[in-house]
Amino acid sequence: MSALLKLKKINLKYQTGKDSISVLKNIDLNIKKKETVSVVGESGSGKTSLIMLIGGLEKPTSGKIIFNDQEITGLNEDEVSEIRKKNIGIIFQSFYLIPNYTAVENVALTLELNNFKNPEKEAKILLDRFGLKHRFNNLPSQLSGGEQQRVAIARAIAMKPELILADEPTGNLDTENSIMIANILFKYVKEEGSSLIMVTHDPKLADKAKRKIKIKDGKIK
Amino acid sequence: MEKLNNPSEFSLIFKYALKDLSRNYHKISSIIVTLFISLFILSAIFTIEDSLKKELNDNAKALLGGDLEIDYNRNQGNLDLVKKVKEFATVSQMIEFSTMLSTTGREKNKSLFTRIKTVDEKYPLYGNVVYEPMGAYERMQKEPNTILINESLSKTLNIKINEIVKVQDQNFTVIGIIKSVPDVSGFVAFGDWALAGKQTLEILKLNGIGSFLNYEYKVKFNDNDKPEEIEKRIEEIFKEDQKVKLRYPENSASGIKRIINNFSQFLSLVSISAMLIAGIGIANTLLSFINQNNMSIAVRKAVGFYSGNIKTLYYLQLFILLFIITVVAYGSSFLIVPIADKYLSDGLGLNVYPVFSLLNFLKIFLVGLLVLVIFSIPTISSIDQVKASNLFRNVFQNLQFYYSKRSVVLSFVLLSILILLFTIGSEQPSYSLGYFAAFFVCLIVFFLLSKLIIFFLKKFKSSSIISLKVSIKNITQTKSITPITVMSLGLGVTLLLTLALVGTNFQREIAKSIPDIAPDYFFVGIQKGEREKFEQGILNMDPNASIEIVPMVSSGIVKINGVDPNTYIKPDNDSYWVIGSERRSSWMENIPEDNPILEGKWWDLSNPDQLQISLDAKVAKDFNIQLGDIFTLNIYGREIEGKVINFREVDYRDLSINFAMLFNPQFAKKNTS
């Protein structure tokens with residue numbers, strides 16, 4: 001399988017006043033197409049910073065990130081947004097659905113942005129697959145945590161991205177919902193052939209990925 | 001605002017703007033209400049102004065009183081020329097004068113300075129006189145010693161129909177009340193006035209005071225005649241007559257139009273000030289709204305929206321909102337017109353109707369848009385501060401106003417356009433600019449005041465009261481809303497206080513100052529032979545009355561140093577009135593107490609045969625007159641040359657008897673008797 005993502009000598013430092021905190025140190029990482037990777041490590045080790053860099057939501061202090069043979073580190077915010085819009089789906093620990101949009105509208109948002117012909121219809125098909133047929137027109141406040149995360153996953157995968165970034169996708173869920181979400185996510189990745197990079201503290205969930213990366217003090221161990 | 005990539009992207013953003021607005025409008029209700037009130041006031045001003053101007057234009061002939069007006073001002077004019085006009089058009093003559101009108105037969109009779117208009121049976125050539133009771137107007141034309149008074153006069157002196165009033169030494173029966181006359185453009189529209197038949201002049205023997213009567217001839221063309229041709233014919237007839245002024249319908253009601261323009265300019269400036277103050281509040285509300293949507297903005301960025309597109313989304317929401325509010329506000333302003341109509345029809349006899357004007361609508365929308373954009377630029381620009389990465393950290397910092405160089409320049413340009421919009425085309429552009437300058441000076445003063453408050457509060461060591469500590473911390477924290485709150489509150493209070501002060505001072509000036517310094521009565525046109533009788537009459541009524549009697553002669557400046565006086569001054573100059581028409585001049589032995597000499601000497605007694613002129617110093621300055629300059633005056637039809645020998649300081653506001661020109665008495669007595 002060819003490489004989807006390459007990180008070369010990535011460093012990330014945060015400046016706090018006169019002090020500089022080194023979050024990621026000389027990270028080299030290759031992710032192949034259709035590969036599933038879990039990123040584990042202690043709190044503050046740099047896991048979330050790593051997927052923020054991969055998603056183009058932060059810029060590294062130094063180093064290169066190459067996505068689909070295109071270096072994204074030198075691109076401006078809009079150009080990175082364009083790549084993210086078409087190729088990267090992001091799942092957050094706290095779901096982050098738009099509060100005044102219904103479940104269908106939350107999913108249709110990314111589809112409309114990618115010029116899908118019938119975004120609402122596609123969104124409904126997807127939500128139906130995730131067992132949310134009865135929740136199409138519910139607002140996020142009317143959904144349970146598990147349902148919200150299923151909508152969030154549907155939103156992230158709706159435009160069939162090559163890469164899915166998931167930050168603690170089951171972190172705010174109970175065991176039952178965690179298992180269900182994990183199953184949905186991995187089933188989808190397998191069916192659609194997307195790559196998945198997932199940050200998690202949950203060892204069982206981490207074990208579901210083909211490759212497990214451990215980060216400690218900003219370095220891959 | 002950043003450019004959009006393609007039309008389909010714009011339609012997507014437009015769709016989401018509509019969706020978001022329909023679901024979030026209640027969160028910005030204060031913006032909606034503020035904008036509506038501001039735009040409604042502005043719409044009402046524009047709509048009433050426009051309706052009124054349209055009414056004035058539509059009724060231009062009625063307002064002028066004819067197709068053309070021949071105005072001889074203080075002269076009866078050349079009746080031969082007027083007679084020539086009568087050969088091919090209908091001419092109505094009217095004479096106006098001011099005099100005291102008194103009640104009779106009461107325990108305490110009251111008098112009022114009243115403008116009386118005598119009209120012939122052809123009056124009015126256009127429009128209608130509205131009066132009551134029926135037939136009163138016709139009676140006035142036929143029966144001598146009858147008069148119609150207006151409602152204001154009737155109310156002020158509490159005069160009832162069939163009551164006898166005194167005008168000079170003649171009794172008149174009030175046979176009706178006038179509601180309105182059509183030709184308000186030349187005649188007084190407000191105040192106390194009366195209508196009388198043309199025979200009144202003979203009854204009052206007023207022809208003798210010639211120069212105090214205002215002569216006008218209104219002309220109505222025959223239906224089949226071409227107005228342009230008749231106008232040319234009349235112009236030809238009067239082309240040699242220097243004393244006449246021909247006025248046309250398009251120039252009618254210029255005084256009323258000026259009042260309307262001034263008043264609407266004043267109200268517009270007050271309303272735009274209120275809008276600018278409200279704009280500060282709008283900016284705050286919008287910032288709070290965007291802060292509430294902080295997470296949604298971050299999510300949009302995370303799924304691939306450009307920052308520019310999100311900003312466009314918010315600008316579009318404001319644009320849609322503004323459009324709807326403008327439509328409602330402009331539409332609602334039409335409801336105000338019937339209220340205005342009630343007052344205007346009572347006062348001016350004009351009926352105003354709502355007139356839709358696309359230009360006004362666009363102007364109101366543009367004003368709203370400019371205010372909205374100016375104040376939302378720093379707010380919506382703050383969207384750039386929202387990072388999608390916040391979604392990973394679960395931390396959303398409160399956004400602050402964001403000023404980039406580009407946004408500051410854009411705000412400045414838009415503000416300049418807004419100011420120009422209210423300045424250009426206004427009646428007094430310099431006043432408008434001054435007003436805006438004062439507004440922004442106040443803005444700076446209140447900004448500095450807010451910094452001062454923060455500085456002192458930071459020094460303040462608060463006690464152990466937690467709520468006080470937190471309050472002070474909130475006020476003094478970096479990027480707090482204190483400056484904006486102080487500025488908007490300060491400007492609002494300043495505006496209210498200014499309006500209150502203007503109103504109070506105006507009333508005080510009228511109610512207090514003038515009666516202190518002004519005479520109780522002015523009497524004009526007392527003939528030489530009646531002087532003693534008049535003085536005795538006054539002293540019989542009040543033995544302690546102080547009477548000042550001055551001689552007067554009507555004189556017009558024909559030339560200055562041998563050339564046309566119009567070459568010395570422009571018509572828009574404050575002192576143009578001196579040559580605008582014939583003026584009354586006087587003569588006196590001694591320097592008037594309130595007219596100190598600023599330059600030159602009082603009369604040269606050794607030269608009694610030379611007309612010597614004492615001139616108002618301001619008039620001299622405006623005309624660039626030097627001591628020794630020669631005026632050619634027209635006095636009683638004779639052209640007499642006089643030498644300017646001194647300049648006096650004249651303050652007409654003291655309401656004592658003042659003259660621009662005084663003559664040496666030795667010469668004047670000899671030549672005016």
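The values are calculated or read from the model by the stated rules, or taken from the named source; none is laboratory data. Computed from a predicted model, the values in this text were never measured in an experiment. A quick note on method: Cβ atoms are made from the backbone with ideal geometry, for glycine too, and the neighbour counts reach across all protein chains shown. All accessible areas refer to the heavy atoms of the entire protein, side chains included, with ligands and DNA or RNA removed. Shrake-Rupley method; radii C 1.70, N 1.55, O 1.52, S 1.80 Å.
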Dipole magnitude (debye, nearest 20) for chain B, charges at Cβ of Lys, Arg, Asp, Glu: 3940
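So what is the diffusion coefficient of region B:66-251 in µm² per second by Stokes-Einstein at 25 °C and 0.890 mPa s, using a Kirkwood Rh over Cα pairs?
Working: Rh = 17.3 Å.
My calculation gives 142 µm²/s for D.
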Partner aspartates and glutamates for A:LYS64 [C-alpha distance under 14 Å; skip if fewer than 8 residues away on the same chain]: A:ASP28
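Per residue of chain B, what 222 nm ellipticity follows from adding -39500 (n - 2.57) for every DSSP H run with n ≥ 4, rounded to the nearest 500?
Values: 23 runs with 327 residues, N = 673.
So the calculated ellipticity at 222 nm is -15500 deg cm²/dmol.
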At least 40 Å² of accessible area lost relative to the chain alone, listed for region B:298-332 with a 1.4 Å probe: B:VAL299, B:ALA302, B:VAL303, B:GLY304, B:PHE305, B:TYR306
On Cα atoms only, tilt of B:466-476 relative to the major axis of chain B in degrees: 70
log₁₀ of I(q)/I(0) at q = 0.12, 0.13 Å⁻¹ - region B:575-673, Debye sum with one point per alpha carbon: -0.35, -0.41
Which listed pairs, of A:LYS8/A:LYS216; B:LYS108/B:LYS155; A:LYS85/A:LYS216; A:LYS34/A:LYS59, have C-alpha distances above 20 Å, in listed order: A:LYS85/A:LYS216; A:LYS34/A:LYS59
Net charge over other residues, Cβ less than 10 angstrom from the Cβ of B:ILE549 (K, R count +1; D, E count -1): -1
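Looking at region B:550-672, what % of its DSSP beta bridges pair antiparallel, to the nearest 5? Walk me through the numbers before you get to the answer.
Values: 21 of 29 bridges.
So the antiparallel bridges in region B:550-672 amount to around 70 percent.
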Whole-angstrom gap from region A:89-146 to region B:126-175, using each part's C-alpha centre: 82
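If r is the Cβ-Cβ distance from B:LYS451 to A:LYS9 and R0 is 35 Å, what FRET efficiency results, to the nearest 0.05?
Numbers: r = 48 Å, r/R0 = 1.38.
E(calc), rounded to 0.05, equals 0.15.
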Share of carbon and sulfur in the accessible heavy-atom surface of chain B [1.4 Å probe, %]: 58
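Please give me, ordered by residue number, the trypsin sites (Lys or Arg not before Pro) of region B:388-435 that lie in loop per DSSP and have at most 14 other Cβ atoms within 10 Å. Mind showing how you got there, number by number?
On the way: sites: B:ARG393, B:LYS405, B:ARG406; in loops: none.
Answer in residue order: no site qualifies.
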Long pairs among A:LYS121/B:LYS311; A:LYS25/A:LYS204; B:LYS245/B:LYS570; B:LYS232/B:LYS559, criterion Cα-Cα beyond 25 Å: A:LYS121/B:LYS311; A:LYS25/A:LYS204; B:LYS232/B:LYS559
Rg/Rh for chain A, where both radii come from Cα atoms and Rh is the Kirkwood radius: 0.97
Debye equation applied to the C-alpha atoms of region B:324-398, log10 I(q)/I(0) at 0.18, 0.19 Å⁻¹: -0.84, -0.88
A:HIS201 accessible area, 1.4 Å probe, all protein chains in place, Å² to nearest 10: 100
Point-charge dipole on Cβ atoms (K/R +1, D/E -1) for region B:550-672, about Cα centre, debye to 20: 280
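At a 1.4 Å probe radius, which order do B:VAL408, A:VAL23 fall into by accessible area, largest first?
Listed by decreasing accessible area, they come as B:VAL408, A:VAL23.
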Protein-protein interface of region A:46-75, residues with accessible area decrease of at least 20 Å², isolated chain reference, 1.4 Å probe: A:THR48, A:MET52, A:LEU57
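Write out the chymotrypsin sites (Phe, Trp or Tyr not before Pro) in region B:605-673 meeting two conditions: DSSP loop, and at most 14 other Cβ atoms within 10 Å of their Cβ. Present the calculation step by step, with values, prior to reporting the outcome.
Values: sites: B:PHE623, B:PHE631, B:TYR636, B:PHE647, B:TYR652, B:PHE659, B:PHE663, B:PHE667; in loops: B:TYR636, B:PHE659.
In loop regions of region B:605-673 (DSSP not H, G, I, E or B), the sparsely surrounded chymotrypsin sites (Phe, Trp or Tyr not before Pro) are B:TYR636.
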Cα-based helix-to-principal-axis angle, B:337-347 vs chain B, degrees rounded to 10: 20
At 1.002 mPa s and 20 °C, Stokes D of the protein assembly as shown from Kirkwood alpha-carbon radius, µm² per second: 61
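Please report the carbon-and-sulfur percent of the accessible area for region A:1-79; probe 1.4 Å, protein heavy atoms only, DNA, RNA and ligands left out. Don't skip to the answer; put the middle values down first.
On the way: 1790 of 3950 Å².
Of the solvent-accessible surface of region A:1-79, carbon and sulfur hold 45 percent.
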Rounded to 10°, Cα long-axis angle of helix B:227-238 versus longest principal axis of chain B: 50
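Which of the GluC sites (Glu not before Pro) found in region B:97-181 are loop residues per DSSP with 13 or fewer other Cβ atoms within 10 Å of their Cβ?
On the way: sites: B:GLU107, B:GLU121, B:GLU138, B:GLU151, B:GLU163; in loops: B:GLU107, B:GLU121, B:GLU163.
Counting only loop positions with at most 13 other Cβ atoms within 10 Å, the GluC sites (Glu not before Pro) in region B:97-181 are B:GLU107, B:GLU121.
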Against the rule of thumb 2.2 N^0.38 Å, how large the Cα Rg of region B:26-169 comes out: 1.57
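Considering only chain B, what is the antiparallel percent among its DSSP beta bridges, to the nearest 5? Present the calculation step by step, with values, prior to reporting the outcome.
Numbers: 59 of 77 bridges.
About 75 percent, rounded to the nearest 5.
Could you rank B:MET487, A:MET180, B:MET134, B:MET661 by how accessible they are, 1.4 Å probe, largest area first? Each step should come with its number before you reach the end.
On the way: B:MET487 30, A:MET180 65, B:MET134 190, B:MET661 5 Å².
Most to least solvent-accessible, the answer reads B:MET134, A:MET180, B:MET487, B:MET661.
Report the B-A buried area as the accessible area lost on both sides summed, probe 1.4 Å, in Å² to the nearest 100.
Numbers: alone 36070 and 11340 Å², together 44660 Å².
Its buried surface, counting both partners, is about 2800 Å².
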Antiparallel bridges, percent of DSSP beta bridges restricted to the protein assembly as shown (to nearest 5): 70
Built amide H within the under 5 Å cut-off of A:SER38, gap 5+: A:MET198, A:ARG211, A:LYS212, A:ILE213
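With every protein chain kept in the model, how would you rank B:ILE465, A:ILE220 by accessible area, 1.4 Å probe, largest at the top?
Values: B:ILE465 90, A:ILE220 60 Å².
Listed by decreasing accessible area, they come as B:ILE465, A:ILE220.
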Rounded accessible area per residue of the protein assembly as shown, 1.4 Å, Å²: 50
Top positive-direction residue, dipole computed over chain B with Cβ charges, set B:SER586, B:PHE88, B:LEU497: B:LEU497
Accessible surface of B:SER357 - all protein chains present, 1.4 Å probe, nearest 10 Å²: 20
Positive-pole candidate from A:TYR188, A:ALA158, A:PHE116, dipole of chain A, charges at beta carbon: A:TYR188
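Net charge within 14 Å of B:ASN57 by Cβ-Cβ distance, Lys/Arg positive one each and Asp/Glu negative one each, not counting B:ASN57 itself? Present the calculation step by step, with values, prior to reporting the outcome.
Working: positive: B:LYS53, B:LYS54, B:LYS61, B:LYS257; negative: B:GLU49, B:ASP50, B:GLU55, B:ASP58, B:GLU250.
Net local charge, B:ASN57 excluded: -1.
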